[in-house]
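K.L.:
The structure follows.
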Amino acid sequence: MNYDLRGRDFISDLDFSIEETEYIISLAMELKDKRKSVLKHALLRDKVLAMLFFFSSTRTRGSFEAGMAQLGGHAAFIEPGTTQISHGDTEMELGEIYGRYFDGIAIRHCDWGEGNGYLNRVASSSIAPVLNMQCDIYHPHQCLADIMTMLELFDGNLKGRKVAVSWAYAESYLKPISVPQSLILQLPRFGADVILSHPPGFELMDDIVREAESLSKKFNTGFEICDNMKDGCENVDVVYAKSWGPLVTTSDEVKGKEMQDKHMNWIADEELMRAANDSAVYMHPLPADRDVEVSRSVLEGDQSVVFQQAENRLHVQKAVMASTMSD
Ligand code: CP
């Protein structure tokens, strides 16, 4: 069944109903097949997406830009430092003006306490849909790619599958909490059981966890929280282990780093993978701190599906853009 998503924003994972989300993923699978078969699929001919990045990116920029070209349109990469945003252009001006120039406005703004509000304020002034390329609260396109990957791996059905969403140590920087938050919201809607593990102090946002618990009740799935990485990964089908900063506890980077450095043993290594099911897969949105967050042998080993995840970013985003930006 087709759903009319024209003009709709995609900022939170729950902006699309479960049926609409399933439709997006099935369209993404169709577009993936078409690309593989070199079949043209110019669903957005002459359409233009503005991409505004307040934070660096490898995959998100590449996949949105390539996706727009493959759909017959164009993506304009806009570095905020080259705009007049710092000289007074507000979210209202961006929404009003870019909404008139472009057919969609995609924004990455991960600053804690700011990003999501920024996207919503642009959206409230824009006639063009606003797409979230990651904010401080959600990373919805990453999560769609993750769900699509799991569906491909588990014969299209996640009911009863156990997914460990685990914190892992990183030394590079305090990473956003948007990926685990999106996962715990979206996975129950697809029937998967979630085991969320993190050390004390690395809690996710209260209202997101409460929403995830309520969704797990609604969809009759499991939802547990534990403070031990190995226990959290016991007998699971998916080990999704990545780092995030203790942002809910402190916004002080030095204090956050001190808290983080107490848990260097939270690494996704071969021993951890042995706690999971024999056929379990390892997932990570990338970039990863090799041999710190995840051992090189796991990240580059047979159980890792990180490149399939990264590829699926392209296909789900094309499905979202084709659905929200078409006439
Ligand atoms: N996973 C992800 O969003 O990658 P980038 O930060 O490189 O875009």
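Readers should treat all values here as calculations from the given coordinates under stated rules, not as data from a laboratory. Remember, it's a predicted structure, so these values are computed and weren't measured experimentally. Here the Cβ is made from the backbone with ideal geometry for all residues, glycine too, and neighbour counts use every protein chain on show.
K.L.:
Among the strands (runs of 3 or more DSSP E) lying completely within the range 93-184, list those that include at least 2 residues that are within 16 Å of the ligand (Cβ to nearest atom) and buried (at least 24 other Cβ atoms within 10 Å of the Cβ). Break it down into steps so the answer makes sense when it comes.
P.N.:
Working: elements: 104-109, 130-135, 162-167.
Here the list reads 104-109, 130-135.
K.L.:
Could you run through the range 29-40 and say how many residues are closer than 30 Å to Arg100 by Cα and free of Cβ contacts under 8 Å to residues at least 60 places away in the same chain?
P.N.:
Total meeting the criteria: 1.
K.L.:
Let me ask another. Would you confirm, using the coordinates I've provided, whether Leu31 is under 14 Å from Met321 (Cα atoms) and touching a His at 6+ places or on another chain (Cβ under 9 Å)?
P.N.:
Values: under 14 Å from Met321 (Cα atoms): yes; touching a His at 6+ places or on another chain (Cβ under 9 Å): yes.
Answer is yes for this residue.
K.L.:
Give the residue that is farthest from the chain's Cα centre (by Cα), with candidates limited to residues of the range 282-320 that are closer than 30 Å to Asn2 by Cβ, within 16 Å of the ligand (Cβ to nearest atom) and among the hydrophobic types (A, V, I, L, M, F, W, C).
P.N.:
Filtering first and then ranking leaves Val305.
K.L.:
Next question, about the same structure. If you scan the range 39-63, which residues turn out to be among the small types (Gly, Ala, Ser), out of contact with any helix residue (DSSP H, G or I) (no Cβ under 7 Å at 6 or more places or on another chain), under 16 Å from Val316 (Cα atoms) and within 16 Å of the ligand (Cβ to nearest atom)?
P.N.:
The one that is among the small types (Gly, Ala, Ser), out of contact with any helix residue (DSSP H, G or I) (no Cβ under 7 Å at 6 or more places or on another chain), under 16 Å from Val316 (Cα atoms) and within 16 Å of the ligand (Cβ to nearest atom): Gly62.
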